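Report on the following structure.
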Amino acid sequence: MDRYSVFPDETIAPSGLVSDQFLSLGIDTFLKACHHVHELPYGYNSARNNLMILFKEKMGTCTTKHAVIATLAAELNLPIEKNIGIYAMTEAIVTGTDKILETYDLPYVPMVHCFLAYDDYRVDLTDGNANGKNRPIDAFLHSEKVIPSISAKEEYLKYRKALKNLILRRTELNGIEIKQVLHARAKGIELLRTHVAETIWTKTASSVPSLHQDLLEF
């Protein structure tokens with residue numbers, strides 16, 4: 001993946017809902033907006049189909065972070081588009097995946113991740129976030145352009161279509177049924193959510209001793 005500094009640094013003008021929101025925060029260029037979104041904590045939003053939930057909850061996933069920036073790009077007429085990709089999730093990428101692979105007899109779990117595309121560049125605004133992955137996703141089995149605010153249902157339907165027409169035709173998945181993959185995917189999502197929750201809990205717990213000390217000193 002590439003750094004967001006490859007994007008053009010357009011001045012933000014009041015051009016729509018997202019540009020207005022960034023301006024209200026004192027963020028006046030596209031790269032500053034990318035920086036702001038990148039630095040927000042990684043966390044699952046309460047309503048992923050709500051474009052503005054990122055600003056309300058001050059956190060987001062690859063879905064909501066890239067939806068906001070892709071929408072801002074559209075408002076500013078920048079040629080930056082949201083893409084969804086299907087990658088091969090293994091133990092090297094997400095700790096605990098081996099158990100899923102053994103259960104469903106798979107070489108990897110086809111999982112969805114999204115990113116921003118600009119010319120030949122691919123940018124992931126969750127790189128470096130505590131997103132449950134051990135490293136960035138650099139290779140995809142399949143990717144395609146989508147609208148910034150693609151719904152969870154639409155994304156799932158595209159995933160199933162790609163599984164049926166492309167992914168399950170790969171040699172290493174010969175004989176694998178789509179039900180196996182869908183069950184494994186569900187477990188993969190659970191695993192990622194668990195890792196993210198554990199990271200949030202660890203950060204929260206680490207601040208408790210200092211709080212107790214402050215109370216004792218008070």
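For the reader, a short list of remarks on this structure follows.
- GNM remark for the chain: springs join alpha carbons under 10 Å apart, and the peak mean-square fluctuation among ILE86, ILE69, ILE189 falls on ILE189.
- Net charge, LEU116 excluded, C-beta distance under 10 Å - Lys, Arg +1, Asp, Glu -1: 0
- Separation in nanometres of the label points that stand 7 Å from Cα toward Cβ, at ASP98 and GLU198: 1.4 nm
- Checking the Cα-Cα distances for LYS56/LYS187; LYS56/LYS179; LYS32/LYS145 against a 26 Å cut-off, the pairs over it are LYS56/LYS187; LYS56/LYS179.
- Spatial separation of Cα centroids for region 13-61 and region 154-196, in angstrom: 30 Å
- Globularity index of region 4-202, i.e. its alpha-carbon radius of gyration over 2.2 N^0.38 Å: 1.05
- Estimated at 0.36 nm per residue, the fully extended path between ASP119 and ASP28 surpasses their Cα-Cα distance by 30.4 nm.
- Selection from TYR87, THR71, PRO110, by position along the positive dipole direction of region 44-139 (Cβ): THR71
- Helical contribution to [θ] at 222 nm, DSSP H n ≥ 4, -39,500 (n - 2.57), averaged over the chain, rounded to 500: -14500 deg cm²/dmol
- Membrane-span-like helices in the chain, defined here as complete DSSP H runs extending at least 24 Å along the helix axis by their C-alpha atoms with mean Kyte-Doolittle hydropathy no lower than -0.5, are 178-217; this is a sequence and geometry rule, not a statement about a membrane.
FYI, it's all coordinate maths here, none of it is from the lab. Just so it is clear, the structure is predicted and the values come from calculations on it, not from any experiment. Reconstructed Cβ throughout: ideal geometry from the backbone, glycine too, with neighbour counts over all protein chains shown.
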